[in-house]
Number of protein chains: 2
Amino acid sequence: MRASRYLIATQKETPADAEIISHQLMLRAGLIRKLAAGLYTWLPMGLRTLRKVERIVREEMDRSGAQELLMPAVQPAELWRESGRWDEYGGELLRMNDRHGREFCFGPTHEEVITDLIRNELKSYKQLPANFFQIQTKFRDERRPRFGVMRAREFIMKDAYSFHISAESLDETYQLMHRTYCAIFDRLGLDYRPVQADSGAIGGSGSQEFHVLASSGEDAIVFSTGSDYAANIEKAEAMAPAGERPAPTQAMTEVATPGQRTIANITEFLKEDVTQTVKTLLVKAEAEAGAEEGSDPGLVALVLRGDHSLNEIKAENLAGVADPLTMATDEEIQHATGCAPGSIGPVNLPVPVIVDRSAAHLADFVCGANKDDVHLTGVNWLRDLPLGRVEDLRNVVEGDASPCGQGTLEIRRGIEVGHIFKLGNKYSKALNATVLDENGKTATMSMGCYGIGVSRIVAASIEQNHDDRGILWPDAIAPFRVAVVLLNGHKSPAVAEAGEKLYQQLQQAGYDVLLDDRNERPGVKFADMELTGIPHRFVVSDRGLEAGTLEYKGRSDADKQDVALADAISFLKSVSPL
Amino acid sequence: MRASRYLIATQKETPADAEIISHQLMLRAGLIRKLAAGLYTWLPMGLRTLRKVERIVREEMDRSGAQELLMPAVQPAELWRESGRWDEYGGELLRMNDRHGREFCFGPTHEEVITDLIRNELKSYKQLPANFFQIQTKFRDERRPRFGVMRAREFIMKDAYSFHISAESLDETYQLMHRTYCAIFDRLGLDYRPVQADSGAIGGSGSQEFHVLASSGEDAIVFSTGSDYAANIEKAEAMAPAGERPAPTQAMTEVATPGQRTIANITEFLKEDVTQTVKTLLVKAEAEAGAEEGSDPGLVALVLRGDHSLNEIKAENLAGVADPLTMATDEEIQHATGCAPGSIGPVNLPVPVIVDRSAAHLADFVCGANKDDVHLTGVNWLRDLPLGRVEDLRNVVEGDASPCGQGTLEIRRGIEVGHIFKLGNKYSKALNATVLDENGKTATMSMGCYGIGVSRIVAASIEQNHDDRGILWPDAIAPFRVAVVLLNGHKSPAVAEAGEKLYQQLQQAGYDVLLDDRNERPGVKFADMELTGIPHRFVVSDRGLEAGTLEYKGRSDADKQDVALADAISFLKSVSPL
């Protein structure tokens, strides 16, 4: 490609609304442009990288034996009603009516459509297992789209769906997809980790996320220092502290705490360690089955150690707690307890109480007294209040014992770029997707699903590969592998001619080449080639040509080097094999 | 690909609701499946062909110097309001509201989005010309989706948009796109014709359609026997008959025609030739500028020869006629003329009259008398009624003089697969897309747009390439170029082994191969390979192996032939060069 005929849409200024480095660099390097919130145009330079990511994903999926197809983006509401998701999915589902008033959505995922297709096409267990994938534009109407293509509304995803006659067959394909995903992310040059996404369970994994490790990641990922255990913090089990609960040593005492309403206030005021305090959060209880619609199901108290944070997903998955988790309002708290939120505690609390494992292990602790501006110290379970229901309610913290039983936990941040999931018969049962089994009997198929965020990978790669001058693309997904920069090409016919010849030779050798033949100052050209992250750069100049050399610099090299003009191709092959 | 691990979703029965052969064969060959009206899933076999079409389009667009990008499918209403199309576009625009209530559409085309992008990115005439394309899923909410992917609602299109500083530059790119489209359709193996789509004007074309000729085509295409002239019948000019209008020879006479209300009735009843009759159609007049909304603009009469058909596009483009064309109701006719529709004529008609060129050339003609069940014979223009406004109102018919001045017209049917169009400054002006010109002054860019219906091409190719056993794919877009069919491969290790070896060798030689290793009867396999249109077929059998041969048959060959096993690759290279 000749740069003079190509849209090099680089920008010097960092866009004000771009919070993370990949978003900034994708705008500055001219890879994307925003059309509207969460909607981005891929400019030519960005699309080249996107297509290379796509190709690697496709090649490895093909190699795994998965069959590519392409389902419509627009899906009829009826199928989503069959699965029950039309009502469940919420605001992220972009719904629309066609000209005849029929309801459709812009597909965020395709479980219903593929299950409908396969229930019609496959008849016998002999046709199983089968795995189908597509690479397609999806839409999720994110409430707060941000971070550029990292959390866009319209995005490109590879989604695959497998069908099975048995759990063993599902497990085999699940493992095959695990290996395929590793091959894909390896080829993409990403530093990634497969992470447990199964609630609580260790090993036998029915769901794993693939995370690219990056400080800007939206997800906190938990690793064990003693094993391969890795989990999304949303799912990492917080173990009960080791040993028995200490015996009481203090008497329970009421203390006036005027105006002290936060844990920080209280620990400061009472000179107590935060680990000796508990906080009590009031949330909505779950409506009972058969309860009248609109009737108030009341509140539930969640008790955690003062230094611990509530894990909302764990909480809302508990029986008796409303899902989604809904905090009580100040009015509801006042009404239920007779006091304001800052002075609530579990002693004599007139609502059901659920205690976190770590809070349940405390002795002589501090808590609110359910009277405004009064706290209790020296509180002990069983002696001063009953200890009923104990659950895992909190997020793990660094240094916690690993739930795998080996080592302690470390926490890093990750960007989810892939997810493999055993669906079991959730969709096949709802849509009645069956085949005849070996005995000629109707059997519901098992399913797996396997997603990769194709457009998100471009951003994730930049999060891992950049410096202060711009992007550092891995060879495999660089928009161009090599740049040939002409110095004074407009004035020197020798430079123009030698550059053109090198450009042709490199292309013939199989390289993607950007010939920078623009009539720009050398500094502008170098800055653009660095900002856009082209991994390899040759410079053609009059001075070099006199000596029969080119200047070569790898994007992350500290120094340039001279390469004989005649050796350019073989040199490049040695540093960047095809 | 091994057929035993591949979705071969062939069907014996012709689906009842598939009207045209390509729709029938795409369903029967397992290329597509319907999800909902106008929404189709591309099954693996169909997607392979679709991707090959896509690749050819992309390669030739790349070769032309156009730059590929990818714009969002979902577009904000604001941009469409800027161009005025939000209100103009009508029911085909699929509109939706996001979770915050903001208006969007699923893009049927991208003039607004590209113009918005380019007005922000390009600053100088030095960056022009520039041509950008994408290959993308579009949506048009067709009122009556039909014919499978031929007129689907969701479809894949290549759309390109070029930007220019001058009309000359636009013309150059327009001509380049014309050549590029010819190269694309040539490589796709289509029998196609570029067709004038410019209203009236000959030569200097601002718009051309590319039509694949097929009897099922939705469009009637007009060709001259004496030149290269070709036009969509919607646009083909109907010339005035040669020579002077004959002189009157009859007196105008009232004739009772009880119950005779159609042209066919009247010609039968009066024993007159249909070419001596005229019909008078009453349509809504155009509302006058500044007229009150809802005020009745009245009617206009369109007079045509009895054997001619009204060209609605020509009519609605005329000053004074409502656009879109709207026929008067029986009540409106009765009210305006005092009689029923079957007896209307231009003599003393109390509404403005527009006469078609051919009707204006008649003498001694027959028409309604504006009294129920009465007609006039021997009517002559100027003598019996004024001849005011004469226009081209009708569709051309076979044998008409060509508007190019050479030869006469023939009519064939076509499927529009491409369209190139000089937009001029329609969008750049509305969206204020300017650059600085040579003199540093602000200049509005000129634009061209260039579309290809990628998914439609698959169906159009089948319309041209099929026989009673199925599809006849050209090599370039066959899902697989070669099938290797094993006879009794499950029972004969020799057949399985030789087949596997041939399969590997063909793949290494660069061919797409489908190895039919299914445990099916030979007849089933042959029928499937023929239905799916695989162009080349080798059969591996025990009997052949004993003689060291394979059986070869080209899909459209009358006979099979034996080929030495050792010569298979070189034989295939000779009949199907890569």
Self-check item: the stretch B:27-75: mean projected area of Cα convex hull, nm²
Solution: 4.9 nm²
Quiz item: Under 19 Å from the Cα of B:Lys279, which lysines turn up, not counting those fewer than eight places away in the same chain?
Solution: B:Lys271, B:Lys314, B:Lys371
Quiz item: Which of the trypsin sites (Lys or Arg not before Pro) found in the stretch A:368-402 are loop residues per DSSP with 14 or fewer other Cβ atoms within 10 Å of their Cβ?
Solution: A:Arg383
Exercise. Mind checking which lysines have their Cα closer than 17 Å to the Cα of B:Lys158? Skip sequence neighbours fewer than 8 apart in that chain.
Key: B:Lys52, B:Lys138, B:Lys422
Exercise. Taking every Cα atom in the stretch B:482-575, find the radius of gyration and the maximum pairwise distance Dmax, and write them in Å.
Key: 11.9, 32
Quiz item: Roughly speaking, what is the stretch gain from A:Asp273 to A:Ser576, that is 0.36 nm per residue apart minus the C-alpha to C-alpha distance, in nm to one decimal?
Solution: 103.3 nm
Quiz item: At a Förster distance of 22 Å, what's the computed FRET efficiency of A:Asn488 paired with B:Arg179, Cβ-Cβ distance as r, to 0.05?
Solution: 0.05
Self-check item: For the stretch B:253-394, alpha-carbon Rg over 2.2 N^0.38 Å
Solution: 1.01
Quiz prompt | Helix-only CD estimate at 222 nm, as mean residue ellipticity for chain A, using -39500 (n - 2.57) per DSSP H run (n ≥ 4) | solution = -7500 deg cm²/dmol
Self-check item: Inter-probe distance in nm under a simple model that places probes 7 Å from Cα toward Cβ, at B:Glu168 and B:Ala251
Solution: 6.9 nm
Self-check item: Cβ nearest the rotation axis (B onto A), residue from chain B and distance to the nearest whole Å
Solution: B:Met96, 2
Quiz item: Say each of A:Asp372 and B:Ile313 gets a label point 7 Å from the Cα, pointing the same way as Cα to Cβ; how far apart are those two points in nm?
Solution: 7.9 nm
Quiz item: For label points placed 7 Å from Cα toward Cβ, what is the shortest-first list of nm distances from B:Ala319 to its copies?
Solution: 8.3
Quiz item: Of all DSSP beta bridges in chain A, what percent run antiparallel (nearest 5)?
Solution: 80 percent
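Give me the tail of P(r) for the stretch B:91-249 as a percent: Cα-Cα pairs with distance above 27 Å.
Here the long-distance tail beyond 27 Å is 43 percent of all Cα pairs in the stretch B:91-249.
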Quiz item: Taking B:Lys441 as the anchor, which lysines have their alpha carbon closer than 22 Å to its alpha carbon, excluding any fewer than eight residues away along the same chain?
Solution: B:Lys123, B:Lys126, B:Lys426, B:Lys429
Self-check item: Qualifying GluC sites (Glu not before Pro) for the stretch B:9-81 [loop in DSSP, other Cβ within 10 Å: at most 16]
Solution: B:Glu13, B:Glu19
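Under the definition of Cα pairs under 8 Å and six or more residues apart, what whole-number percent is the relative contact order of chain A?
Relative contact order for chain A comes out at 17 percent.
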Quiz item: Hey, how much of the P(r) for chain B falls beyond 30 Å, as a percent of Cα pairs?
Solution: 64 percent
Self-check item: Farthest toward positive dipole pole in the stretch A:409-478 [+1 Lys/Arg, -1 Asp/Glu at C-beta], among A:Gly440, A:Asn465, A:Ser455
Solution: A:Gly440
Practice problem: Enumerate lysine pairs in the stretch A:482-575 that are 8 or more residues apart or on different chains, then count those whose Cα atoms are under 22 Å apart. | Solution: 10
Quiz item: What does the charge dipole of the stretch A:275-419 about its Cα centre add up to, to the nearest 20 debye, if the Cβ of each Lys and Arg holds +1 and the Cβ of each Asp and Glu holds -1?
Solution: 580 debye
Exercise. Could you check the simple spin-label distance between A:Glu59 and B:Thr225, using points 7 Å along Cα→Cβ, in nm with one decimal?
Key: 5.8 nm
Self-check item: Net lengthening on full extension, B:Arg81/B:Val524 (0.36 nm per residue, minus Cα-Cα)
Solution: 153.9 nm
Quiz prompt | Where trypsin sites (Lys or Arg not before Pro) fall in DSSP loop in the stretch B:1-109, at most 10 other Cβ within 10 Å | solution = B:Lys12
Quiz prompt | Inter-part distance where the stretch B:248-274 and the stretch A:230-288 are each reduced to a Cα centre, Å | solution = 102 Å
Quiz item: What FRET efficiency, computed as 1/(1 + (r/R0)^6) with R0 = 35 Å and r the Cβ-Cβ distance, is obtained for B:Ala287 and B:Arg144, rounded to the nearest 0.05?
Solution: 0.80
Exercise. Provide the FRET efficiency to the nearest 0.05 for the B:Asp296-B:Ser215 pair, computing r from the beta carbons and using R0 = 60 Å.
Key: 0.85
Exercise. Starting from the Cα gyration tensor of the protein assembly as shown, multiply each eigenvalue by 5, take the square root, and state the resulting semi-axes largest first in whole Å.
Key: 63, 41, 35
Self-check item: Distance cut-off 18 Å, percentage of C-alpha pairs in the stretch B:170-275 lying past it
Solution: 67 percent
Quiz item: Working out 0.36 nm times the residue gap between A:Lys429 and A:Asp562, then minus their Cα-Cα distance, what length gain in nm do you get to one decimal?
Solution: 41.3 nm
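Quote the relative contact order of the stretch B:482-575 in percent (integer), defining contacts as alpha-carbon pairs under 8 Å separated by 6+ residues.
29 percent
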Quiz item: So, with +1 on the Cβ of K and R and -1 on the Cβ of D and E, and no other charges, what is the size of the charge dipole of chain A about its Cα centre, to the nearest 20 debye?
Solution: 2000 debye
Exercise. Specify the inter-centroid distance of the stretch B:319-339 and the stretch A:502-546, based on alpha-carbon positions, in whole Å.
Key: 69 Å
Quiz item: What nm distances, shortest first, do you get from the label point of B:Glu88 to those in the other copies when the point sits 7 angstrom along Cα to Cβ?
Solution: 4.6
Practice problem: In nm to one decimal, list the spacings between the B:Gly388 label point and its equivalents in the other copies, with label points set 7 Å along Cα to Cβ, shortest first. | Solution: 9.1
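Read-outs: derived from the displayed coordinates by stated rules, not from any lab. Not measured: the values here are computed from a predicted model. In this analysis, Cβ positions are derived from the backbone assuming ideal geometry, glycine residues included, and neighbour counts consider all displayed protein chains.
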